[in-house]
Amino acid sequence: MSGPIPLAVETLDKSAFAPFGEVIEADAGASVEAMNAGSAQRYANLAQIDCAAGDGRAVVGIVRAQPNRLPLELRLLERHPLGTQAFIPLSATPYLVIVAQSANATPRAFLAANGQGISYHRSTWHHPLLALQRETDFLVIDRVGSGENCEEVCIRNRYIVLP
């Protein structure tokens, strides 16, 4: 049996991540609106939340992710066919985002920088959340409702994310 296939870790940016979802960040390209009598700025429309399939609705929660060490061998992917799923870190800690065009495609690994969240498009294959340096809390916007909204597959090839 051959060894695992190394995955290059790419910088998370909007154009590279666009086939899989949206990068959520307050950057120069975002629409900014003054609010609260000018004492705050709202970075609007950073991600489209799509949870209305069937009787679904959006919910907000917090997920506490345990840190992972690199190298890391990937074992499974999941997707959510009935809604989008957004993750916004609540601390300035980088984390990994692993996505794939299909369950059998070569995954891509992105390093999310401080201040970057992500929202997966509906049915995007992705690895479960991967905190790196320390236990990390994420604000999560997800779908609840009837219907099976989580599919998992074991990865056929062996892929490894190197430090």
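Please pick out the residue among GLY38, GLY21 that is under 24 Å from THR136 (Cα atoms) and not hydrophobic (A, V, I, L, M, F, W, C).
Just a single option satisfies the conditions, and that option is GLY21.
Sort out which residues of the stretch 91-137 are surrounded by 15 or more Cβ atoms within 10 Å (Cβ to Cβ), over 21 Å from ASP50 (Cα atoms) and of a type in the set (D, E, K, R), and write them in order of number.
ARG108, ASP137
Among (1) free of Cβ contacts under 8 Å to residues at least 60 places away in the same chain; (2) farther than 25 Å from ALA58 by Cα, where does PRO107 come up short?
Here PRO107 clears every test but (1).
Here, each number is a calculation from the coordinates, and none is a lab measurement. Just so you know, these numbers come straight off a predicted model, no measurement behind them. No Cβ is skipped: glycine too gets one built from the backbone with ideal geometry, and neighbour counts run over all protein chains shown.
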